[in-house]
Amino acid sequence: MKIEFEHHQGAHCESGVTTNLLRKSSGGKITEPLAFGIGAGLFFAYIPFIKINNGPAIAFRTLPGDIFNRTCKSLGIPVIRKKFSSKEKAEKYLLDRLDEGIPVGCQVGVYYLPYFPREYRFHFNAHNIVVFDKVDDNYLVSDPIMETTTLLSSYELERVRFAKGALAPKGHIYFPGKNVSITDETIRSAIRSGIKKNVYNMLYIPGSFAGVAGIKQTGNKVKKWRDKLGLERAGSYLAQMVRMQEEIGTGGGGFRYIYAAFLQEADAYLPGNQLQEISVTFTKAGDMWREAAVHAAGIYKGRLGSQEDFDMMGDYLQAIAEIEKQAFKTLKGIKWQ
Amino acid sequence: MLPPVSTHPVIAALDHPLFTCGGKRVASYFYFENLQLEKRRPRAIPLLKGVEGCVISDSRTPMKKDEVPQDLGALGKITKELCYVTDASGKYVAEQSTGWEVKSKALDVAWEDIQKRIAAAKAKVLKGEASPLLFFMEYRLMDTAILAGYTGFWQWQVKRHLKPGVFNKLSAQKLQQYADAFNIKVDDLKTMTVNED
């Protein structure tokens, strides 16, 4: 079989997969930043009771599958998604789709992903790839993180599709149900609904663990980490936060830049709404996340370590919370032209 | 004389001309000196804590296209990463990066922690306080939930098998299940031998 599929690298796995899957039907109109923004990809949550590598879980992204789901729905494209309890059925379903000429998105775990460097292989199960062909025993895989396409043997693919642990993929497979032509008008309304959803996620989720309130609360907690955990573990916690923030597949500073890029592109579709100006604020938020990461690095490298340094780290997060709150409030207040 | 600051202190500071100089960023937002924000704007005070006057950050943030960090990291040897940055006109473009020292160091810290846990687990097994399962669990970065997932046992069973006495009486079949989950041989499981793949 030979399926027409173009691989493009992405900054984030799920928006990259979404863009790659929609490229043909959208005629290349849906770029990665657009997919990310329409899918309302910007998020923050601090979940202390879930431990990842013995540190608190800090998520900078929504649940796996959300971006693809929301982007397609906003664009009026039906989504087909399936999970499996049996490995054989999962593989058969995949092969049938490939026979029909449909490239499919798969959620996979990275621990047994052979082309990843060893240092990056954690039990992280929310990675996304596209499978678009099979030659002999090898599947052709487009991983948005990689510059080129890669190969996975059927055993390797099965292993990563049925990785175990938190967010286990269970063979999760998804693809656009049918090719709908996407007009500029659909994109405009999709952009509006994506922004609306993201405003809700960042400002109005009840409780103080998610959105800008979550960033602020994390800032408060960081200040107490040194006394509560001791310098070494507090440093490890911060290192974990930076990894969640900047690493592939997650990305906090990076996400702010993608969102800023999204607002710039959205401005071309919806001029006169000051999206260009708001985009600048998100660039600044991205810069501040990165500066905070540099400061955190000072702590886990052992260059800094006093209580003042931790206070400053917390202040960084609180300043970020403040600036993002302002930015999202401005977004909320837009009277669409 | 500096122009007055009108909006929220943080944002105002970011917009301030001092922030950029000849198109190049020179300072982070901690430079409140001369702005006299302290007394009039209580919300800015947490930012000023511990900051004597003007503090200039020399950190490199890849806001601009030509400032994207290119510090070779573990991933950079295999593939470059894509990131979105602004070009000279402020427009966002995609640019590749081979890595950033700040985050490769964060990754190093995570692996140092893992190495420590592996060493501690090994010591515990040698003292007879835990079965070799603990060693391989740490070695494969697993917890009981993940190991239970891969083997098909319940978590309480895995916890029981972590006791040396129970482990020594396990059937060959159960040992094989664990060996498969860890991707090793049964003999290596018993002797804590690591043959790296």
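The values are calculated or read from the model by the stated rules, or taken from the named source; none is laboratory data. Everything quoted here is computed from the prediction, not taken from an experiment. Virtual Cβ from ideal backbone geometry, glycine too; neighbours counted across all protein chains shown. When the accessible area is computed, the model is the full protein with side chains, heavy atoms only, and any ligands, DNA or RNA have been set aside. Shrake-Rupley method; radii C 1.70, N 1.55, O 1.52, S 1.80 Å.
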Flagged in the stretch A:129-155 as closer than 15 Å to A:Phe5 by Cβ, surrounded by 21 or more Cβ atoms within 10 Å (Cβ to Cβ) and more than 10 Å from chain B (Cβ to nearest Cβ), in numbering order, are A:Ile129, A:Val130, A:Val131, A:Phe132, A:Tyr139, A:Val141, A:Ser142
Within the stretch A:66-124, residues within 18 Å of the chain's Cα centre (by Cα) and among the acidic types (Asp, Glu) come out as A:Asp66
Looking across the stretch A:172-196 at residues that are touching a Ser or Thr at 6+ places or on another chain (Cβ under 8 Å) and among the small types (Gly, Ala, Ser), the single one that is farthest from A:Gln276 (Cα to Cα) is A:Ser181
By residue number, the members of the stretch A:16-41 that are at pLDDT below 90 and either crowded, with 24+ Cβ neighbours inside 10 Å or acidic (Asp, Glu) (or both) are A:Gly41
Residues in the stretch A:89-128 that are open to solvent by 10 Å² or more (accessible area, probe 1.4 Å) and part of a helix (DSSP H, G or I) total 11
Every listed condition ((1) in a helix (DSSP H, G or I); (2) over 23 Å from A:Asn125 (Cβ atoms)) holds for B:Ala130 save (1)
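Taking A:Ala190, is it open to solvent by 60 Å² or more (accessible area, probe 1.4 Å), touching a helix residue (DSSP H, G or I) at 6+ places or on another chain (Cβ under 9 Å), over 23 Å from A:His7 (Cα atoms) and in contact (Cβ under 8 Å) with a residue 24 or more places away in the chain? Give the derivation first.
Details: open to solvent by 60 Å² or more (accessible area, probe 1.4 Å): no; touching a helix residue (DSSP H, G or I) at 6+ places or on another chain (Cβ under 9 Å): yes; over 23 Å from A:His7 (Cα atoms): yes; in contact (Cβ under 8 Å) with a residue 24 or more places away in the chain: yes.
Taking the combined requirement at face value, the residue does not satisfy it.
Could you list, in sequence order, the residues of the stretch A:77-88 that are open to solvent by 50 Å² or more (accessible area, probe 1.4 Å), touching a residue at least 24 places away in the same chain (Cβ under 8 Å) and either more than 14 Å from chain B (Cβ to nearest Cβ) or among the aromatic types (Phe, Trp, Tyr) (or both)? It would help to see each step written out before you state the result.
Start the filter on the stretch A:77-88 by keeping residues that are open to solvent by 50 Å² or more (accessible area, probe 1.4 Å), which leaves A:78, A:80-83, A:85, A:87-88.
Now narrow it down to the ones that are touching a residue at least 24 places away in the same chain (Cβ under 8 Å): A:78, A:80-83, A:85, A:87.
Hits for the stretch A:77-88 are A:Pro78, A:Ile80, A:Arg81, A:Lys82, A:Lys83.
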With criteria (1) in contact (Cβ under 8 Å) with a residue 40 or more places away in the chain; (2) within 14 Å of chain B (Cβ to nearest Cβ); (3) among the acidic types (Asp, Glu), A:Glu119 comes up short on (1)
Scanning the stretch B:137-168 for residues that are of a type in the set (Phe, Trp, Tyr), more than 14 Å from chain A (Cβ to nearest Cβ) and either buried (at least 20 other Cβ atoms within 10 Å of the Cβ) or closer than 25 Å to A:Arg233 by Cα (or both) gives B:Phe167
